[in-house]
Amino acid sequence: MTACLWRTTEDTVWRTGSAIEFPASEDRADVDGAEYLFAGLVDRSAEVYVEFARDMHEVELDAAAVGEVLALRPLSEGLLGRLVPGRVLGELIGDLSEIGYPY
């Protein structure tokens with residue numbers, strides 16, 4: 001997928017390409033697929049991420065645990081175990097420090 005939006009310094013709105021021909025359709029609600037493709041970027045809910053993980057990675061996640069991560073609650077052994085059973089928090093300290101995630 002490729003998307004292109006741009007603004008010049010003088011613009012007051014985002015620009016898009018105008019040479020796109022959309023297929024004729026009775027249902028014009030999401031004719032270009034943008035709503036489907038960008039839903040996960042604009043909806044920051046745990047449930048949307050859990051659905052994404054299920055579809056893309058074929059894993060089931062605890063929505064409450066995902067919500068704690070999205071709320072930037074410190075990653076504990078217990079929270080990590082709810083997300084990825086078998087992982088040890090000590091293995092992630094370097095990565096967590098690098099991205100500034102609390103633990």
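The values are calculated or read from the model by the stated rules, or taken from the named source; none is laboratory data. In this text the structure is predicted, and so the values were computed from the model without any measurement. Every residue, glycine as well, gets a Cβ built from its backbone with ideal geometry; the counts of neighbours run over all protein chains shown.
Count of region 58-103 residues, restricted to those that are in a helix (DSSP H, G or I), in contact with a Leu (Cβ under 7 Å, 6 or more places away or on another chain) and of a type outside the set (A, V, I, L, M, F, W, C), is 2. For region 45-57, a residue qualifies if it is among the hydrophobic types (A, V, I, L, M, F, W, C) and in a loop (DSSP other than H, G, I, E, B), but none of them does.
What residue, among those in region 70-94 that are without any contact (Cβ under 8 Å) to a residue 24 or more places away in the chain and more than 23 Å from Glu60 (Cβ to Cβ), is surrounded by the most Cβ atoms within 10 Å (Cβ to Cβ)? It would help to see each step written out before you state the result.
Restricting attention to region 70-94, the residues satisfying the condition of being without any contact (Cβ under 8 Å) to a residue 24 or more places away in the chain are 71, 77-94.
Filter again for more than 23 Å from Glu60 (Cβ to Cβ), leaving 90, 93-94.
Numbers: Gly90: 9, Ile93: 12, Gly94: 8.
Of everything passing the filter in region 70-94, Ile93 is surrounded by the most Cβ atoms within 10 Å (Cβ to Cβ).
Would you confirm whether or not region 39-47 contains a residue that is farther than 22 Å from Ala3 by Cβ and exposed (fewer than 13 other Cβ atoms within 10 Å of the Cβ)? For region 39-47, residues farther than 22 Å from Ala3 by Cβ and exposed (fewer than 13 other Cβ atoms within 10 Å of the Cβ): present.
A quick yes/no check of all residues on (1) under 30 Å from Arg73 (Cα atoms); (2) modelled with pLDDT under 90; (3) surrounded by 10 or more Cβ atoms within 10 Å (Cβ to Cβ):
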{"residue": "Trp6", "(1), (2), (3)": "no, no, no"}
{"residue": "Thr9", "(1), (2), (3)": "no, no, no"}
{"residue": "Arg15", "(1), (2), (3)": "no, yes, yes"}
{"residue": "Ala19", "(1), (2), (3)": "no, yes, no"}
{"residue": "Phe22", "(1), (2), (3)": "no, yes, no"}
{"residue": "Asp27", "(1), (2), (3)": "no, yes, no"}
{"residue": "Glu35", "(1), (2), (3)": "yes, yes, yes"}
{"residue": "Val50", "(1), (2), (3)": "yes, no, yes"}
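Are any residues in region 3-17 more than 17 Å from Glu35 (Cβ to Cβ) and not aliphatic (A, V, I, L, M), and if so, which ones? Can you show your working first?
Going through region 3-17, the residues more than 17 Å from Glu35 (Cβ to Cβ) turn out to be 4, 6-13, 15, 17.
If the condition is that a residue be more than 17 Å from Glu35 (Cβ to Cβ) and not aliphatic (A, V, I, L, M), then Cys4, Trp6, Arg7, Thr8, Thr9, Glu10, Asp11, Thr12, Arg15, Gly17 are the ones that fit.
Against the list (1) loosely packed, with under 12 Cβ neighbours inside 10 Å; (2) among the hydrophobic types (A, V, I, L, M, F, W, C); (3) at pLDDT below 95, the condition Val59 fails is (3).
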